[in-house]
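The values are calculated or read from the model by the stated rules, or taken from the named source; none is laboratory data. The model shown is predicted, which means the values in this text are computed figures rather than measured ones. Please note: Cβ atoms are built from the backbone with ideal geometry, for glycine as well, and neighbour counts cover all protein chains shown.
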């Protein structure tokens, strides 16, 4: 498969980014070091170019009906200017993707999906669209900058008349920033606060430059996918393809809070049955007690050395200086403070089940 280039590819190369194939795109993985970039976001402000993400507009009088069928969360509770984390259940008990649903108005919604799943999600939602909802894929015309960190609002406020303090978490405003019309969303994948900006592709270069001028006093920096992964892991946020997949149920993944049985959605009956019977494995967070880095695919063992699960994501937390991870374990080993062991090469390293966020 050919890797696509994001619109500002050449700019990232000129900034010294190490580019790497990710989800079908050549993406900046780091500019300086993962740790330095991670701490920049935790302590000040950094900008991720995540223009590889997918955006679909769903509109028309039956837009909500389609969204209610294909997503697990209850989008009927949304008001204009509100966003909602959700997932697309498949008909086998797993997850097609996780996504964010934005309600622009009663007949217009934007769905933001993972880059690796753009085509899969589009085909899946289209196949369920017996409602005549109008669907358009605006991914190629949209760039997405995530301006994250405690100084993100101060940086961006210089460029807009929209009162950013008024935008509550998981809400958004449509307005001008750097004299460009865009969606300004109080969302992100870092747990450090900040905004995600949905911008017309033609204006990407201008907006990027103005953000960096506005953030110069906070030593704003571009941030790569390496730090994005460690930041999301410190918060215990799921990554599609690792922690949730076509084979993992939302209930196993701890996503019961976005699985609303107050409505019918794809596979809701069998998920309801699963909830009543209770699941046999759970996604848990854990911190390493022994020194070591938990990696995707490593076995999780009990004290006797029996396999009880598998690591789905792991790293060294730059803030804590110890290994943290996510993984599936047999129900019973999922309780907080349970001792588990990670098989790292020939060793069994002790860890303890911890409820994320880890910091």
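Structure values in brief
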| item | result |
| --- | --- |
| Test: residue in segment 199-213 that is within 21 Å of the chain's Cα centre (by Cα), buried (at least 23 other Cβ atoms within 10 Å of the Cβ) and outside any helix (DSSP H, G or I) | yes |
| Within segment 141-170, tally of residues that are closer than 27 Å to residue 245 by Cα and either surrounded by 14 or more Cβ atoms within 10 Å (Cβ to Cβ) or not assigned by TED's automatic domain parsing to the domain that holds residue 200 (or both) | 7 |
| Conditions (1) closer than 22 Å to residue 194 by Cβ; (2) not in a loop (DSSP other than H, G, I, E, B); number of the one not met by residue 168 | (2) |
| Top-ranked residue of segment 317-326 - restricted to ones that are part of a strand (DSSP E or B) and in contact (Cβ under 8 Å) with a residue 60 or more places away in the chain, ranked as surrounded by the fewest Cβ atoms within 10 Å (Cβ to Cβ) | 326 |
| Residue within segment 302-316 that is crowded, with 21+ Cβ neighbours inside 10 Å, outside any strand (DSSP E or B), touching a residue at least 60 places away in the same chain (Cβ under 8 Å) and touching a helix residue (DSSP H, G or I) at 6+ places or on another chain (Cβ under 8 Å) present | no |
| From the options 226, 175, 191, residue that is in a loop (DSSP other than H, G, I, E, B), surrounded by fewer than 22 Cβ atoms within 10 Å (Cβ to Cβ) and at pLDDT 95 or above | 191 |
| Residues that are surrounded by fewer than 14 Cβ atoms within 10 Å (Cβ to Cβ), modelled with pLDDT of 95 or more, in a loop (DSSP other than H, G, I, E, B) and over 23 Å from the mean Cα position of the chain (by Cα), drawn from segment 262-298 | 262, 264, 280, 291 |
| Looking only at segment 126-140, and only at residues there that are in contact with a helix residue (DSSP H, G or I) (Cβ under 8 Å, 6 or more places away or on another chain) and in a strand (DSSP E or B), the one that is surrounded by the most Cβ atoms within 10 Å (Cβ to Cβ) | 137 |
